[in-house]
Structure formats: structure tokens, C-alpha cells
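The block underneath contains the structure these notes are about, expressed in C-alpha cells.
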Amino acid sequence: GDGEAREGALFMVMAIICALACLSALGARAAYRAADNWTASLSGSMTVQLNTSEDPFEKASALQNAEHALRAVPGVIRAKGIDKARAGELLEPWFGKGPLPDDLPLPSLVEVQVNPTAAPAPQKLERALRAAGLDAQVDDHKRWAGSVSNAAGALRIGALGVLALLAAAAAATVSFAA
């Protein structure tokens, strides 16, 4: 009668809490993975901006020279100039699919992948580029890494907080029913 209905309701409440806890645990795991990927991708990359004229031949030559100079620096895994097609991919969310406007000024950029455990200092890359006769600035993404790390930490804490709340709700439900 009444006891069976109460046990059935308790079973359903606990089943729902367990299902939510499992979803929360999966969410927490995904949050940890995403946070680790965000910080790893930032710590393993740098961006170089070359100061060149708008002459396409000078830009192409400068990008090629920069790639060569950067690859010679210890700790650099890969250095690849961003051509117009790659710039189009990066700008697609703002400009949509299709070719970029011809009159859109694009900076001369080089994507640099570095060894995160033995990354060269940005000043070392700038010296190598100056030695190759290039004027450039290196961005090691440190100012963004702090914000990304803070957001990742908040995501982790939020996911664990939801999991802790569900565990507390389960404990309270069991103790109330006992």
C-alpha cells in the first residue's frame, strides 16, 4: 500500500538523481578535457606579424624568409605563413564563405607551433627574424592564456559544483526517506 508507493517514489527520485549525476560527471569530464585542450593549444603556439608593404611579391618573399628563419630556432616545431586562402578560413565567421574582397588589407602572419615544454622566448624569435632582415612582432598569446585559463578553471569548478550538489541531494533524499 502506502509503503510500496513511498518506496516506488524514492526509487524514481534516486534514479533521476543518479541519471543527472552521470550526466553531470560526463559534463565535468568534457569541461576538463576542453580546458586542457584550450590551454595546451595556446601554450604550444605563437603568431608572428611581419611589417611589409602591400606588394604581393614582397609579402610572399618575407613570409618565406620568416618561415625559414623561424624553423632554425630551437624549440620551433613548425612555422607556416598564412596565405590568403588560410586567412579566408579564419575570417569566414565574419565575411562568410567565398573569396575575401581584393581590397581587404591582410597582415603578413606566420603561425608558429612550438614545443610547449621547451618553447623559445618571443625575443629569441624576434632576434632570428631581425637577423634575416625582417621587421616583425611576436605574440606568444600570454595575455589570452590567462583569460582562457581563468575561464577553464571556472568551467571546472562549475561542473564539480553541480556534481557535488547532486551528491548532496541524493544523500538528503536517502536520509529523509530513512
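The values are calculated or read from the model by the stated rules, or taken from the named source; none is laboratory data. The structure presented is a predicted model; accordingly, all values stated were derived computationally and were not measured. Cβ coordinates were reconstructed from backbone atoms using ideal geometry, including for glycine residues, and neighbour counts include every protein chain displayed. Just so you know, the surface numbers come from the protein's heavy atoms only, side chains and all, with ligands and any DNA or RNA stripped out. Shrake-Rupley method; radii C 1.70, N 1.55, O 1.52, S 1.80 Å.
Just add up the charged neighbours of Leu134: K/R +1, D/E -1, any other residue whose Cβ is under 12 Å from the Cβ of Leu134.
-1
Run the accessible area of the chain with a 1.4 Å probe and give the carbon-and-sulfur part as a rounded percent. Write down the numbers at each step before the final one.
Values: 7160 of 11430 Å².
Solvent-exposed carbon and sulfur of the chain make up 63 percent of the total.
How far is it, in nm, from the label point at Asn150 to the one at Ala87 when both lie 7 Å from their Cα along the line to the Cβ?
Between Asn150 and Ala87, the label points sit 3.2 nm apart.
Taking the simple approach of a point 7 Å from Cα along Cα-to-Cβ for both Ala118 and Leu106, what is their distance in nm?
My value for the distance between the label points is 3.4 nm.
Would you calculate a helix-derived [θ] at 222 nm for the chain, using -39,500 (n - 2.57) for each DSSP H run of n ≥ 4 and dividing by the full residue count, to the nearest 500? Please list the in-between numbers first.
Working: 5 runs with 116 residues, N = 178.
Calculated mean residue ellipticity at 222 nm is -23000 deg cm²/dmol.
Provide the per residue accessible area, probe 1.4 Å, for segment 129-178, rounded to a whole number of square angstrom. Write out the running numbers ahead of the final one.
On the way: 3200 Å² over 50 residues.
Accessible area per residue, segment 129-178: 64 Å².
Could you list which residues have their amide H under 5 Å from that of Ile77, counting only those 5 or more apart in sequence or on another chain, with H placed in the peptide plane?
Gln113, Val114, Asn115
Write down the radius of gyration of segment 119-178 and its Dmax, each obtained from C-alpha positions, in Å.
Final numbers for Rg and Dmax: 24.3, 79 Å.
Size of segment 34-127 along its principal axes in angstrom, Cα-based, largest extent first?
Here the Cα extents, ordered largest to smallest, are 40, 34, 16 Å.
Most mobile of Ala30, Ala19, Ala66 per a Gaussian network model of the chain (Cα springs, under 10 Å)?
Maximum fluctuation in the GNM of the chain, among the listed residues, is at Ala19.
Where the convex hull is taken over the Cα atoms of segment 18-74, what is its projected area averaged over directions, in nm²?
On the way: hull surface 25.6 nm².
Result: 6.4 nm².
Which value in nm describes the separation of the simple spin-label points at His141 and Ala30, placed 7 Å from the Cα toward the beta carbon?
Reported label-point gap for His141 and Ala30 is 2.2 nm.
Place +1 on the Cβ of every Lys and Arg and -1 on the Cβ of every Asp and Glu in segment 1-96, take the dipole about the Cα centre, and give the residue among Ala79, Met46, His68 whose Cα lies farthest towards its positive end.
Checking the options against the dipole of segment 1-96, the answer is His68.
If I fit a long axis through the Cα atoms of helix 2-43 and take the longest principal axis of the Cα atoms of the chain, what angle between them do I get, 0 to 90°, rounded to 10?
10 degrees
Please give the charge dipole size of the chain, origin at the Cα centre, charges +1 on K and R Cβ atoms and -1 on D and E Cβ atoms. Round to the nearest 20 debye.
Details: 16 positive and 18 negative charges, 114 e Å.
Dipole of the chain, to the nearest 20 debye: 540 debye.
Among the lysines, which fall within straight-line cross-link reach of Lys59, defined as a Cα-Cα distance under 23 Å, with same-chain neighbours fewer than 8 residues apart omitted?
Hits, sequence-local ones excluded: Lys80, Lys84, Lys124.
Using the alpha carbon gyration tensor of the chain, what are the three equivalent-ellipsoid semi-axes (square root of 5 times each eigenvalue), largest first, in whole Å? Let's see the in-between values first.
Numbers: eigenvalues 587, 74, 22 Å².
Here the semi-axes work out to 54, 19, 10 Å.
In whole Hz and in residue order, list the ³J(HN,Hα) couplings for segment 161-166 that follow from phi through the Karplus curve 6.51 cos²θ - 1.76 cosθ + 1.60, θ = phi - 60°; x for Gly and Pro.
x, 5, 5, 5, 4, 5
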